[in-house]
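What follows draws every value from the coordinates through simple rules; no lab data is involved. Worth saying up front: this structure is predicted, and the values here are computed from it rather than measured. Virtual Cβ from ideal backbone geometry, glycine too; neighbours counted across all protein chains shown.
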Amino acid sequence: MSAVCNGTHHHQHRKNRNEVARRRWKILARALQKNGEVDTTPNDVDDIISVRRFTTFDLIMSRPILFDSNPSASWFEYTATISQEKFSLSIRHPTRTFTAAELMGFNNTGNICVWPSEEVLAYYILCNLQYFSGKTILELGGGMTCLAGLMLAKYSTAASIHVTDGNVSAVDNVRYILKQNGFDEDKVTCSVLQWGDFQGKLNCKHITTYDIILSADCLFFDDARQDLVETIWATLKESGVAFVMAPRRGKTYDTFLEEAKMRGFHCKSIQYYNEHVWNRHLKLKQNCDYDENLHYPMLLQLRKSYMENSLDI
């Protein structure tokens, strides 16, 4: 149930929420400094409040489906409906406990979660499938689902799609998803790709520069942003475009934007890019668990060369 805040209650709520946010980042920082398994039992107040309060724009719905009785994972059908057309994908949710280094992209129980920026990027792509026809696509930091890239792989006429993440466990999970959904191995591939250490890491069967690069919610760590900029620069064609979707989250978005400009990218930052997403955003602003700075994804388009008549979507 959501609550509407106003007056002094609104001020106090924002103050409390800011404190919660600071404590959440403190938890994550502490976890990433540990070796071995993380105890995911919420045995203190910090662990309890670390559970995400806002999780979805309700653009893509999920429901459990049964393929087998393997206790190591469960399967869900992810579905979006656009102009009465249904788009769906079977997604594997691992059920095991993850190490600290594997916490990125997961909620505090160790189960998989799709972050709002990933959801919005996938929905945005499904609304603009014609743009990707005949293009070569690379997804960076796709996590356990690579949701945007795989929706694109299933429903577009892109020439090829290569989805990646820097985490071995994430890529292993994506391989299960590729197999279960029956993707063509000549068109859709996945691999581990760590930013800043990408030379020779792309699948040798595929070209090493791409028409389009996708990335969702990958800007929040200070020491990774420059590597992401360099990786996009190295893997993007001269005439290509990168779509980077992420919330402002303090100064992280603007810092990445400035670093991209310094690298030589022509940048276009877009707040209003889809009418339905924007309307959901306006409605959610009445919900006290929703923070525009933390949750509403901006769309950043990066190009190596300025194209006056370029097609924006």
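DSSP loop (so not H, G, I, E, B), at most 14 other Cβ within 10 Å: list which chymotrypsin sites (Phe, Trp or Tyr not before Pro) in the stretch 248-288 pass both filters. Walk me through the numbers on the way to the answer.
Values: sites: Tyr253, Phe256, Phe265, Tyr272, Tyr273, Trp278; in loops: Phe265, Tyr272, Tyr273.
Listed in order of number, the matching sites are Tyr272.
May I ask which of Lys261/Lys283; Lys237/Lys268; Lys237/Lys285; Lys86/Lys135; Lys261/Lys285 have a Cα-Cα span longer than 27 Å here?
Details: Lys261/Lys283 33 Å; Lys237/Lys268 17 Å; Lys237/Lys285 38 Å; Lys86/Lys135 23 Å; Lys261/Lys285 31 Å.
The answer is Lys261/Lys283; Lys237/Lys285; Lys261/Lys285.
Kindly identify the stretch 231-290 as rounded, prolate or oblate by the Cα gyration tensor criterion: order the square roots of the eigenvalues as a ≥ b ≥ c, call it rounded if a/c is under 1.5, otherwise compare a/b with b/c, prolate if a/b is larger, else oblate.
Details: a/c = 3.32, a/b = 1.94, b/c = 1.71.
Prolate, since a/c reaches 1.5 and a/b exceeds b/c.
Would you list Cys267, Cys127, Cys190, Cys146 from fewest to most Cβ contacts within 10 Å? Write down the numbers at each step before the final one.
Working: Cys267 16, Cys127 19, Cys190 25, Cys146 32.
Lowest count first: Cys267, Cys127, Cys190, Cys146.
In which sequence would Trp115, Trp233 go, from the one with the fewest C-beta neighbours within 10 Å to the one with the most? Mind dumping the intermediate values first?
Values: Trp115 25, Trp233 16.
Lowest to highest Cβ neighbour count: Trp233, Trp115.
With a ≥ b ≥ c taken as the square roots of the eigenvalues of the C-alpha gyration tensor of the stretch 260-300, please select rounded if a/c is under 1.5 and otherwise prolate if a/b is larger than b/c or oblate if it is not?
Numbers: a/c = 5.88, a/b = 2.11, b/c = 2.79.
The shape class here is oblate.
Under the rule a/c < 1.5 gives rounded, and otherwise a/b versus b/c splits prolate from oblate, where does the stretch 150-201 land using the Cα gyration tensor? Before the final figure, lay out the partial values.
Details: a/c = 2.47, a/b = 1.49, b/c = 1.66.
Oblate shape, in that a/c is at least 1.5 and b/c is the bigger or equal ratio.
Ile82's amide H: which non-local residues (gap 5+, or another chain) put their own amide H closer than 5 Å, with H modeled 1.01 Å from N in plane and none for Pro or chain starts?
Amide H neighbours of Ile82: Phe87.
For the stretch 257-269, in order, what is each residue's ³J(HN,Hα) by Karplus, 6.51 cos²θ - 1.76 cosθ + 1.60 with θ = phi - 60°, in whole Hz (x at glycine and Pro)?
4, 5, 5, 5, 5, 5, 6, x, 6, 8, 10, 10, 9
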